[in-house]
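Asker: Below is a structure I'd like to ask you about.
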Amino acid sequence: MSSNLPIGIFDSGVGGLSVLRHIRESLPHENLIYVADRKHIPYGNKNDNTVKARAQIISHFLLKQQTKAIVVACNTATAAAVNLLRDQFPIPIIGMEPGVKPAILQSHNGNIGVLATEGTLDSSKFRVLLERHANGAELFIKPCHGWVEWIESGHLSGPASLPLIQQTLDPLLEKNIDTLVLGCTHYPFLKESIQQVAGADVNIIDTGLAVAAQLRRRLEEEALLNDSRSPAGERFWCTGPLDEMQQLLNRMWDTKAQVDVMPDQANLS
Ligand code: DGL
């Protein structure tokens with residue numbers, strides 16, 4: 001496989017852009033293809049089979065774009081589908097999980113909050129993560145109802161986001177948490193407001209940087225790092241309304257970003 005092929009990255013919506021920005025910084029010479037599956041948002045309250053089917057359809061599309069690796073920039077889709085994708089697709093598949101391990105290492109008082117979608121928190125992968133690593137720490141788990149939809153409707157950090165965040169965080173703050181895990185790739189877009197509500201002493205953990213580092217390691221192992229020094233770019237695809245995605249990208253990525261509609265399942269074969 002040629003090392004100058006692109007890397008595919010996908011999420012249910014714009015959340016994965018929080019991972020994409022770390023990938024862009026850490027791998028400036030790679031061409032990146034991003035898919036936002038906004039027609040099926042949110043993944044967090046869908047059943048496993050639906051999320052698996054979406055992950056397969058998008059990965060199939062990305063393979064047709066000749067991607068050399070795929071990053072599942074979504075905790076929910078990773079929990080539901082990463083094993084299946086690794087079985088079915090013959091390229092490196094990089095997934096993600098809530099940063100419980102770094103949180104336990106970094107917490108001083110052992111009281112840790114974990115924010116994620118219901119799909120992630122109810123998954124067997126998350127249960128195993130807790131069983132393996134929680135030893136002694138108190139983990140307070142909180143699904144963030146409405147957060148993904150709020151961000152997809154264009155709300156980022158700012159005064160308007162504070163009530164929603166306050167209402168979700170209050171029960172965790174009562175537990176005297178000193179560390180807070182953002183276990184959904186959408187939530188970093190509210191990070192400044194989350195910090196404001198939680199207070200400056202709460203350490204917020206987001207795994208986007210670690211995922212970019214893991215992608216780099218996997219590409220190195222497979223001799224797939226692009227050694228060309230020619231300029232690299234991003235190509236965006238979406239399901240759902242094109243104009244909405246275009247506006248979100250212009251605000252959240254770059255005013256020059258261009259997006260196309262991903263063909264539906266029927267046109268993929
Ligand atoms: N951004 C995703 C995650 O990391 C999914 C959010 C959703 O669609 O519910 O879990």
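Asker: Residue by residue through the stretch 250-262, which ³J(HN,Hα) values in whole Hz follow from phi under the Karplus form 6.51 cos²θ - 1.76 cosθ + 1.60 (θ = phi - 60°), with glycine and proline marked x?
Answerer: 4, 7, 9, 10, 6, 5, 9, 5, 10, 10, 10, 7, 6
Asker: Another question, then. Treating only the Cβ of Lys, Arg, Asp and Glu as charged (+1, +1, -1, -1), what charge dipole size does the stretch 136-269 show about its Cα centre? Round to the nearest 20 debye.
Answerer: The calculated dipole for the stretch 136-269 is roughly 200 debye.
Asker: To continue, here is another question. How many lysine pairs are close in the chain, with Cα atoms under 18 Å apart and the two 8 or more places apart or on different chains?
Answerer: 9
Asker: Could I have the simple spin-label model distance between Thr255 and Arg132, label points 7 Å from Cα toward Cβ, reported in nm to one decimal?
Answerer: Taking the simple label geometry, Thr255 and Arg132 are separated by 4.6 nm.
Asker: Next question, about the same structure. Run through the stretch 167-269 and list the GluC sites (Glu not before Pro) located in a DSSP loop whose Cβ has at most 12 other Cβ atoms within 10 Å.
Answerer: Taking the stretch 167-269 and a limit of 12 other Cβ atoms within 10 Å, the loop GluC sites (Glu not before Pro) found are Glu174.
Asker: For labels at Ser124 and Ser2 in the simple 7 Å Cα→Cβ model, what's the distance in nm?
Answerer: With each label placed 7 Å out from Cα toward Cβ, I get 4.1 nm.
Asker: Compute the long axis of helix 48-64 from its Cα atoms, compare it with the longest principal axis of the Cα atoms of the chain, and write down the angle in degrees, 0 to 90, nearest 10.
Answerer: 40 degrees
Asker: Rounded to the nearest 20 Debye, what is the dipole magnitude of the chain about its Cα centre when Lys and Arg each give +1 and Asp and Glu each give -1 at the C-beta? Spell out each step's value before the answer.
Answerer: On the way: 24 positive and 29 negative charges, 102 e Å.
Once rounded to the nearest 20, the dipole reads 500 debye.
Asker: Here's another thing I want to ask about it. Quote the FRET efficiency, to the nearest 0.05, computed for Glu25 versus His155 with a Förster distance R0 of 30 Å and r equal to the Cβ-Cβ distance.
Answerer: 0.75
Asker: Pick from Arg251, Arg24, Arg235 the residue whose mean-square fluctuation is largest in a GNM of the chain, springs joining Cα atoms under 10 Å.
Answerer: Greatest mean-square fluctuation among the candidates belongs to Arg251.
Asker: If each Cα of the stretch 110-269 is one equal point scatterer, what is log10 of I(q)/I(0) from the Debye formula at q = 0.08, 0.09, 0.10, 0.18 Å⁻¹?
Answerer: For the stretch 110-269 at q = 0.08, 0.09, 0.10, 0.18 Å⁻¹, log10 I(q)/I(0) is -0.33, -0.42, -0.51, -1.23.
Asker: Figure the gain on full extension for Gln247 and Arg229 (residue separation times 0.36 nm, minus the Cα-Cα span) and round it to one decimal in nm.
Answerer: 3.4 nm
Asker: Checking the a/c ratio against 1.5 first, then a/b against b/c, what shape does the Cα gyration tensor give for the chain?
Answerer: prolate
Asker: Then there is this: Could you give the distance between the Cα centres of the stretch 201-269 and the stretch 12-80, to the whole Å?
Answerer: The two parts, judged by their Cα centres, are 8 Å apart.
Asker: Right, next: Could you tell me which chymotrypsin sites (Phe, Trp or Tyr not before Pro) in the stretch 211-264 are loop residues by DSSP with no more than 11 other beta carbons within 10 angstrom of their beta carbon?
Answerer: none
Asker: Taking the chain as a Gaussian network, Cα atoms linked when under 10 Å apart, which of Ile91, Ile70, Ile204 shows the biggest mean-square fluctuation?
Answerer: Most flexible of the set in this elastic network: Ile91.
FYI, it's all coordinate maths here, none of it is from the lab. Please read all numbers here as calculations on a predicted model, not as lab measurements. A quick note on method: Cβ atoms are made from the backbone with ideal geometry, for glycine too, and the neighbour counts reach across all protein chains shown.
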